[in-house]
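Enquirer: I'd like to ask you about the structure that follows.
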Amino acid sequence: MSRFVKFCGVLLCLVLLVTAARVGYREVRQKLYPLEFRETVLEYAEAEGLDPAFVFSVIKCESGFDPQAVSSVGARGLMQITEDTFEWLQTKSTVPEDELLTYDAMFEPKTAIRYGCMLLGRIQQEFGAYETTLAAYHAGSSRVRGWLSDSAYSSDSVTLDHIPYDDTRSYVQRVMKTFTIYQEIYPDEF
């Protein structure tokens, strides 16, 4: 066998290995960053003017897609809504049946995603930037308003230059990294 034929054989094997590795890598990433509850996320993300990849990122970081998740402070469900926030959101809903829901409804994926998107949408409408929206989702809108009005944290009263809470800063970074990954894995999905 000629050297050229051997070289072509080796090259073909390398191309096949790289292709298989890339396909396998993509499949692994898709398993790590799933699109669980896809139809519900798409429905409520659109209703609230949210990027679905952003919503998937919040769900991934908040609950790991576990509808029964409960945080150390008692927040529940896929998007980790607290009882006070749930009750407040119910007063903002235009669906009369929402007044009859109990806090246990946060364990139902469709309800959790609807209310989570309702909250994210309201926050993003107020603050605009993803990072600021996430800071408010995690630490509370009034707290973020205070940070934005303090020149130690915001130089323009619109953008947070520094988030003073380590856990909120870490949360924002984690969700933004996850958001980037969702956008990379599913560029044409939404």
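The values are calculated or read from the model by the stated rules, or taken from the named source; none is laboratory data. Owing to the predicted nature of the structure, the values given are computational and were not obtained by experimental measurement. In this analysis, Cβ positions are derived from the backbone assuming ideal geometry, glycine residues included, and neighbour counts consider all displayed protein chains.
Enquirer: What are the residues in segment 142-169 that are surrounded by 13 or more Cβ atoms within 10 Å (Cβ to Cβ) and under 23 Å from the mean Cα position of the chain (by Cα), if any?
Expert: Arg143, Val144, Arg145, Trp147, Leu148, Thr159, Leu160, Ile163, Pro164, Tyr165, Thr168, Arg169
Enquirer: Please tell me if Val70 is surrounded by fewer than 17 Cβ atoms within 10 Å (Cβ to Cβ), in the same structural domain as Val158 (by TED's automatic domain parsing) and closer than 30 Å to Lys31 by Cβ.
Expert: yes
Enquirer: Shifting gears a bit: If I go through segment 170-190 residue by residue, how many of them are surrounded by 18 or more Cβ atoms within 10 Å (Cβ to Cβ), not in a loop (DSSP other than H, G, I, E, B) and not aliphatic (A, V, I, L, M)?
Expert: Of the residues in that region, 4 qualify.
Enquirer: Please indicate, with yes or no, whether at least one residue in segment 60-75 is at pLDDT below 95 and within 16 Å of the chain's Cα centre (by Cα).
Expert: No, every residue in segment 60-75 fails to be at pLDDT below 95 and within 16 Å of the chain's Cα centre (by Cα).
Enquirer: Right, next: Would you check which residues across segment 82-96 are loosely packed, with under 14 Cβ neighbours inside 10 Å and touching a residue at least 24 places away in the same chain (Cβ under 8 Å) and list them?
Expert: Lys92, the sole residue that qualifies.
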